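These notes concern the structure reproduced below.
The values are calculated or read from the model by the stated rules, or taken from the named source; none is laboratory data. Note that the structure is a prediction, hence the values are computed from the model and not measured. Neighbour counts run over all protein chains shown; Cβ positions are idealised from the backbone, glycine included.
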Amino acid sequence: MNFDLTDERQMLQDSLRRFLRDNQEALRASTRLGEAATETGFSTEIWGKLAELGVIGALFSEEDGGFGGAGFDLTTVFEELGRVGAVEPFVDTAILGGGLIAALGNSDQRELVEQVIAGSLQLALAHGEQNSRYDLAQVETTATAEGDEIVLNGRKAVVVNAEAADHFLVSAREAGATGDEEGISLFLVPRDAAGLSLRGYPLLAGGRAAEVDLDGLRLPSSARLGAAGAAYPALKRAITRAEVALAAETLGAMEAATDLTREYLLTRQQFGRPIGSFQALQHRMATLLIELEQARSAVINAAGHLDADPAQQALQIAAARNLIGRAGRLVAEECIQLHGGIAMTEEYALAHIAKRIVMADHRFGDTDTQLERFLDYSAA
Amino acid sequence: MDLNYSVEEQAFRAEVQQFLAEKLPAEMSEAIRVGRELGKDGHDQWHAILNAQGWLAPNWPKEFGGCEWNAVQRHIFEEECCRAHAPRIVPFGLSMLAPVLQKFGSKEQQDHYLPRILSGQDWWCQGYSEPGAGSDLASLKTRAVREADHYVVNGQKTWTTLGQYANWIFCLVRTDPEAKQQSGISFLLIDMATPGIEVRPITLLDGTHEVNEVWFTDVKVPVENLVGEENMGWTYAKYLLTHERTNIAGVGFSRAGLDAVKRMARSQMHRGRPLIDNPHFAARMARAEIDLMAMSTTNLRIISRAAAGQAPGVESSMLKVKGTEIRQEINDLARRAAGAYAMPFASEALEGGNEPEIGPEGSAAVAAQYFNNRKLSIFGGSNEIQKNIIAKVKLGGGA
């Protein structure tokens, strides 16, 4: 048994942590709500530098052109990103977009993965819909073959990184009923495709998203990723990887939140002494630190089972995200409360970090949905 | 023991309902229901409507132009206003400063300021907290030095709610730096147009601008703007805080919030069925509702005693803690119900733009409100301070 990072991952963590520390100002600028009005919602300059540093490559396996891609590579990277509250779209462009093209694409399509790793291509997965909530198989968008062409019709909801994306990966139903796992295909759609329109908006926790309308959008059938109607397993796999990434990112944010709070309790003076000298607050801080270690272990469980057999993998990841959902909410709320008003201001670093923690629960399945999945998998 | 309202109280409720049905503008009610900001004009408009009805000052004695309603009537009024999605009445002049002036102010101050509060001519804000004086309010440092017929004020106040709209501020200032903390404080009324005052906005974590910093540099305040006696300000401040804690339970807000959650849970689909049918979500809603039902009766118990002339004790601290916990839990439910549509930062929809909401009705505000209402357990005496009060009364010893 050994819970240390390998030398390579330790080096990755060190260099990434150093880079993020040295670029705090630029990273922070993208987190301001006003700044989210910029076109991409993040700093393309930082993105390029992180790609140079090998951060994107660490998220892909060697056979896909990277040098990592395992569960602990993901958690090493995302924990660091979470510590600084980075809003750059690593989940969307790399884990989801790049991951799906690597999994399903033909050799032509797979060339895009190289561009992702090089930092020169942005992607967005257009999968969720108004009525899908967190259910991956609820796809109402349709793909209809007309001769050698495919016609897409539907609306995709809260597509993160849509406005920055060079290509969309759009899920659509070619067969079966809404809710069937069978019959869902994925298509590569260039951003300038006729029939595609966006309504973009900033996100409360940073970054941007859009509602994506597909109105008679025509594609050559070569735009399909993988076999017709058979995209569901790859989608599930990519989103599972994204869930591990998100869990680690939230863990990093929880570390940052508790660090800031500990520091504040030691320095803030009221009633003539540091507020951290009050036992009522000490015990609450202690509870948060206990939950933080629970969260760390949950992330290790999830990452360690990312390549396990499907039943174990699903169970562990649902467990980790349920725990992080509960512990994360507690940490975010308590850290704000222990600070008082100052943590309510956009100016103070904790505000953004707390939003990252809580809003992560709204992607790919919230705390309750993870509990349901855990119960389903336990019964299976 | 009788859980029913009296015939007179029921008639009063009907009267309030009828007034709201007739006089509350539909677009204003709609804005409040979906969580849009009202702005100064909206507040002023509702203020004027209530004033025309003579219902602007439920807690004021009749001699000053108030309703002199008892605690039960005030509760019924607040409950019906929440149910109808009426705007909150900005409390700083009406329910915080006015009781202090009525009890401790001079005849001249009462005659001058109280009518201007009713007419809406003056918008008051509160200068209490400072960067170094939050829960430990008595450690405040803003200094007022007497020079002939005026005070010279220097210092900084913070968390000044809606100070950007205010033309007057009531302030706690230190007039005797030698005295023990609580005894060197005075209560001053300051015209915001006086040279040397600067209001700086604070942007909150949900992007809103509702609080401010107020800076004072050599601000000259006439001595007649002192309320009561010099160095007695802490007594007045404590009196004011007891008024700040009326309607602290927020039962009406919680009811309206829970209704909104239910509406959204009916419209949102989860695994092909309405979310409201989901046992996990339904259980969360049920727990909040069960807590609210009990808390609402605790609230009525205290109100009923207050109407009979008994001053509330630690119960108001208990209500503040439980009431804010329940409201925050309901905010949490609302963001959960919205699913991925809780993620957008929909500033346009919240500020009253013409764009339709991005997600389901009411979803634009849920996450912002969840974060914004973290303030409920921080302001008005944080929940930790309330627990200190409860513990001190029940266990004795220090806070």
Is the range B:170-192 home to any residue that is surrounded by 21 or more Cβ atoms within 10 Å (Cβ to Cβ), closer than 30 Å to residue B:317 by Cβ, of a type outside the set (Val, Ile, Thr) and touching a Pro at 6+ places or on another chain (Cβ under 7 Å)?
-> no
Selection within the range A:177-207 - within 14 Å of chain B (Cβ to nearest Cβ) and of a type in the set (Gly, Ala, Ser) = A:177, A:179, A:200, A:205, A:206, A:207
Which ones in the range A:334-355 are closer than 20 Å to residue B:366 by Cα, at the interface with another protein chain (Cβ under 9 Å from one of its Cβ atoms) and β-branched (Val, Ile, Thr)?
-> A:336, A:345
Just one of A:82, A:66 is in the same structural domain as residue A:19 (by TED's automatic domain parsing), at pLDDT 95 or above and either buried (at least 24 other Cβ atoms within 10 Å of the Cβ) or in contact with a strand residue (DSSP E or B) (Cβ under 8 Å, 6 or more places away or on another chain) (or both); which is it?
-> A:82
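Pick out the one residue from B:276, B:330, B:303 that is at pLDDT below 95, more than 9 Å from chain A (Cβ to nearest Cβ) and assigned to a helix (DSSP H, G or I). Before the answer, list the steps.
Details: B:276 fails: at pLDDT below 95; B:330 fails: at pLDDT below 95.
Within the list B:276, B:330, B:303, the selection yields B:303.
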Any chance residue A:125 is buried (at least 23 other Cβ atoms within 10 Å of the Cβ) and either assigned to a loop (DSSP other than H, G, I, E, B) or touching a Leu at 6+ places or on another chain (Cβ under 6 Å) (or both) | yes
Mind counting the residues in the range A:15-71 that are among the aliphatic types (A, V, I, L, M), away from chain B (no Cβ under 14 Å) and over 12 Å from residue A:119 (Cα atoms)?
-> 8
Out of the residues in the range A:329-380 that are outside any helix (DSSP H, G or I) and among the aromatic types (Phe, Trp, Tyr), state the one that is nearest to the chain's Cα centre (by Cα).
-> A:364
Here the residues within the range B:367-399 that are of a type outside the set (S, T, N, Q), within 30 Å of residue B:32 (Cα to Cα) and either more than 10 Å from chain A (Cβ to nearest Cβ) or not in a helix (DSSP H, G or I) (or both) are B:376, B:378, B:379, B:380, B:381
Do we find that residue A:155 is surrounded by fewer than 21 Cβ atoms within 10 Å (Cβ to Cβ) and under 25 Å from the mean Cα position of the chain (by Cα) in this structure?
-> yes
When residues of the range B:188-234 are limited to those that are within 14 Å of chain A (Cβ to nearest Cβ) and hydrophobic (A, V, I, L, M, F, W, C), the one nearest to residue B:116 (Cα to Cα) | B:211
Read through the list (1) part of a helix (DSSP H, G or I); (2) over 21 Å from the mean Cα position of the chain (by Cα); (3) modelled with pLDDT under 95, then give the number of the only condition that residue B:298 fails.
-> (2)
Would you point out which residue out of A:212, A:244 is more than 15 Å from residue A:302 (Cα to Cα) and modelled with pLDDT of 95 or more?
-> A:212
Tell me which residues, restricted to the range A:146-172, are hydrophobic (A, V, I, L, M, F, W, C) and in contact with a helix residue (DSSP H, G or I) (Cβ under 7 Å, 6 or more places away or on another chain).
-> A:150, A:157, A:158, A:160, A:169
